[in-house]
Amino acid sequence: MSQYFKKGKGWRYDFILKGIRQTEAWFKTKKEAKKAEAEKRKEALNPAPQLQIQTDMDFLELINRRLDYVQAYNSEEHYRHVLYHSKRWVKEWKGRACSEITTPMIGKYVLKRSDVSAYTANKEIRYLRALFNFGIRLKLIKENPANAVEFLPVIKKKKYIPSKEDIYKVINVADPDSQNYLWTMVLTAARMGEINSLTWDDVNFEERYVTLWTSKKKHGNREPRDVPMLNKLYEILFYRYQKRDPEKPWVFWHRYWSRKANEFVEGPFIDRKKLMATLCEKAGAKYFRFHPFRHFTASILDDIGTPIGVIQRILGHTNRKTTEGYLHSIGEAERNAMKRLENIDLFSPEVAMVSDKPINKHKEYWFRKAKRPDYIALCKEIKDMGYVGVGKKYGVSNNAIKKWKQQYEQQFKN
């Protein structure tokens with residue numbers, strides 16, 4: 001008998017069909033167990049046909065699906081990058097199926113792109129791997145021909161990070177509106193895209209914080225982080241709020257000619273390509289873009305002894321190692337640490353070096369008084385960095401900075 005009752009548990013069925021045991025428990029009645037057994041026998045005798053799994057598709061179709069996915073789940077900037085590469089791939093392999101694109105074909109294409117640079121070639125490999133992996137994940141194709149293509153060796157260069165002096169110079173030569181833009185970036189340690197998309201709903205004047213939104217997270221999620229508002233930032237944003245156009249939700253926006261719409265359009269900035277080139281030339285500084293402003297703020301936070309975990313949260317980094325990459329420039333903390341080594345005999349100079357300066361025989365010479373800035377510059381630096389920050393900049397104590405200020409003010413009284 002294939003159905004039977006177990007006291008305290010209920011009815012079950014149990015039978016063997018085509019050498020395979022089929023069983024299920026516990027049913028309240030024998031009728032339910034019998035019905036379930038009949039359905040199971042029918043299913044075992046007439047199995048449903050297995051679905052055919054697609055293993056190939058048109059290369060152009062795969063690219064279009066990938067672009068739709070990136071546009072929906074990633075940032076607008078990443079979508080532009082993928083679109084740029086996709087147009088190149090279509091020119092190269094249009095009309096082919098994915099299975100027709102082989103590893104040697106990709107290798108040949110990558111070598112051609114290496115004429116630009118090894119970095120460019122390696123970027124092509126990464127983006128092609130992501131494209132084919134996307135197809136495999138959706139079970140549209142079964143192989144990734146880009147996986148076997150090796151990355152080209154790259155000679156890494158030291159990333160140029162402008163000095164603090166150059167940062168100040170560039171900000172000072174900007175017009176008032178651009179100064180507001182750059183100071184907002186510095187005082188929030190924000191990415192350019194986060195400032196461009198900043199709206200008045202993201203600015204909380206009551207509790208004094210700014211909410212920044214980023215899409216540079218896993219799965220393309222747009223996530224917020226709150227950054228406290230310093231007094232200087234409060235003044236800048238409150239002034240702009242009072243002068244704002246109520247119909248515009250953005251903190252920073254412009255009116256521009258749209259080729260697509262064939263008319264003037266008002267909206268937030270996307271990429272202010274010409275601004276930094278103009279300001280750097282005007283300030284006499286080596287050209288740099290907006291990202292160094294994040295490095296600048298991070299390095300100051302590091303100089304004044306801010307824990308790296310706090311800096312990581314302010315910058316909005318998921319990985320601590322990413323934050324550490326922002327602190328590679330030599331700050332005052334490193335300089336002061338190396339100066340203290342001179343107190344150890346092992347590191348004291350014993351042999352006279354060729355120099356146009358007098359030979360030092362006393363360590364006090366190397367700790368002679370720092371060159372003071374003028375009163376106006378000193379007051380500005382105290383306002384921006386505080387007494388401790390200014391002291392670290394000049395290699396003296398915060399009490400010394402207070403005395404400098406008092407001495408200047410005493411001179412004015414006399």
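Just one of the numbered conditions (1) over 24 Å from L140 (Cα atoms); (2) in a helix (DSSP H, G or I) is not true of I125: (1). Output the residues belonging to segment 266-305 that are farther than 24 Å from H81 by Cα and either polar (S, T, N, Q) or touching a strand residue (DSSP E or B) at 6+ places or on another chain (Cβ under 6 Å) (or both). Once the filter is applied, which keeps residues that are farther than 24 Å from H81 by Cα and either polar (S, T, N, Q) or touching a strand residue (DSSP E or B) at 6+ places or on another chain (Cβ under 6 Å) (or both), segment 266-305 yields E266, T278, T297, S299.
Here I401 fulfils each of the conditions (1) modelled with pLDDT under 85; (2) surrounded by 12 or more Cβ atoms within 10 Å (Cβ to Cβ) apart from (1). Scan segment 163-178 and report the pairs whose first residue is in a loop (DSSP other than H, G, I, E, B) and whose second residue is buried (at least 16 other Cβ atoms within 10 Å of the Cβ), with Cβ atoms within less than 7 Å and a gap of 6+ or a chain change. Matching pairs, first to second residue: V173/L279; V173/A283; A174/L182; A174/L279.
The values are calculated or read from the model by the stated rules, or taken from the named source; none is laboratory data. Every value quoted in this text rests on a predicted model; they were computed, and no experiment measured them. Every residue, glycine among them, receives a Cβ derived from its backbone with ideal geometry; neighbour counts consider all protein chains shown.
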